[in-house]
Amino acid sequence: MKAPQGGGFEAFAWRIQPTLFAILGKYCGGIESDLEDLVHDVLLRALLRWEHVKLLDEDAQRAWMGRVAHNCFLDRCRRRGSEANRMEALLHMHEQSERFDEEFEPELWEFVGPEDLLQAIEKLSSPKLRRTFELYLQGLSYAEIGAETGDKSGTVGARLTRARQELRVLLRKPAEQRRQERGR
């Protein structure tokens, strides 16, 4: 296949791909599918920022791509870590559910139903808070939520913390009422 000519994105991608494969190949430890996915993610980010990237000189373009490659790899590691943590939490919850006995007093959160959660999300104090939490419920990482909302990862984290605090307050009363009703 012949390399594209000119100064467009296709020519840039053709030139930078070997460097990306070399950089990310070390990170991926020989897992070809991860390597290809990461190179694709980096090139996609470059395409989305092409109006900025094309104005940089070649050394600055390589530095920018190296930084983006590193960040994409870290995002992937964080996402895998959070997925592993979720799976571990689910397993732990399953183990706890097997230990029920007659003296067990259900936790308050067990009296919260999906409809309660949806109503509480609608009552969050701002549309940005609602949108951020909804994206989080879809399983997106902080970086992905930030890309969707135009916010930095730190802002996403702060919003999620605030949303959780508000949801605790909003869900406490209906959950306590249900616990009392079922305890009768």
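The values are calculated or read from the model by the stated rules, or taken from the named source; none is laboratory data. Computed from a predicted model, the values in this text were never measured in an experiment. Cβ: placed from backbone, ideal geometry, glycine included. Neighbour counts: every protein chain shown. Keep in mind that these areas ignore ligands, DNA and RNA; they rest on the heavy atoms of the full protein, side chains included. Shrake-Rupley method; radii C 1.70, N 1.55, O 1.52, S 1.80 Å.
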Determine, from the Cβ-Cβ distance of Arg62 and Glu148 and an R0 of 35 Å, the FRET efficiency 1/(1 + (r/R0)^6), rounded to the nearest 0.05. 0.80
Filtered hits (lysines, Cα-Cα < 30 Å from Lys54, offset >= 8 within chain) -> Lys2, Lys26, Lys152
Reachable lysines from Lys173, Cα under 18 Å, same-chain residues fewer than 8 places away excluded? Lys123
How many nm is it between the label spots at Arg49 and Ala22, if each spot is 7 Å from the Cα in line with the beta carbon? 2.1 nm
Show me the ranking of peptides 54-63, 10-19, 139-148 by mean Cβ neighbours inside 10 Å, starting with the highest. 139-148, 10-19, 54-63
To the nearest 10 Å², what's His40's accessible area with a 1.4 Å probe? 110 Å²
